[in-house]
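Take a look at the structure below.
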Amino acid sequence: MGTVTPFPAAAAGKPSQTGFDRAELTRILDLYGRMVAAGHWRDYAIDLGRDAAVFAAFRRAAERPEFRIEKRPALRNKQGMWALIGEQGAVLKRGHELGPVLAPVERRLMKVVED
């Protein structure tokens, strides 16, 4: 008989990968779709790392992302696990819930309608 090698277990209490749940990803992709329809964004990328999950939205694929939406669960009890980061790397908004963090981007879609 051969030897059985155990499957490597994740560190105690720490997940091996951080990700978005279905409701969070639906909210983010809904915003992305509306921004594509408005002509602002053309591409996106998702990075699921050990410490953070990042959704990056691009005006063009060859540029830096215009916005990054980061989820860092380690900051849940401090500043809030959600952050909106601009093209230059500055944190534009941080919070405990996704909706208010996405608000500055959603405001770009609003248009004034005259009577």
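The values are calculated or read from the model by the stated rules, or taken from the named source; none is laboratory data. Because the structure is predicted, anything quoted here is derived from the model rather than measured. For neighbour counting, all protein chains shown are included, and Cβ atoms are generated from backbone atoms with ideal geometry for every residue, glycine included.
Quick look at the numbers
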{"item": "Any hit, the stretch 97-107, residues being in a strand (DSSP E or B) and either small (Gly, Ala, Ser) or modelled with pLDDT of 90 or more (or both)", "result": "no"}
{"item": "Residue among Gly99, Gly95 that is surrounded by fewer than 17 Cβ atoms within 10 Å (Cβ to Cβ), of a type in the set (Gly, Ala, Ser) and farther than 16 Å from Asp21 by Cβ", "result": "Gly95"}
{"item": "Positions within the stretch 99-112 being more than 18 Å from Trp41 (Cβ to Cβ) and under 14 Å from the mean Cα position of the chain (by Cα), in sequence order", "result": "Gly99, Pro100"}
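This table checks each residue for (1) of a type in the set (A, V, I, L, M, F, W, C); (2) in a loop (DSSP other than H, G, I, E, B); (3) surrounded by 17 or more Cβ atoms within 10 Å (Cβ to Cβ); (4) within 9 Å of the chain's Cα centre (by Cα).
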residue: Ile46; (1), (2), (3), (4): yes, no, no, yes
residue: Asp51; (1), (2), (3), (4): no, yes, no, no
residue: Phe55; (1), (2), (3), (4): yes, no, yes, yes
residue: Ala61; (1), (2), (3), (4): yes, yes, no, no
residue: Pro65; (1), (2), (3), (4): no, yes, yes, no
residue: Ala74; (1), (2), (3), (4): yes, no, no, no
residue: Lys78; (1), (2), (3), (4): no, yes, no, no
residue: Leu84; (1), (2), (3), (4): yes, no, yes, yes
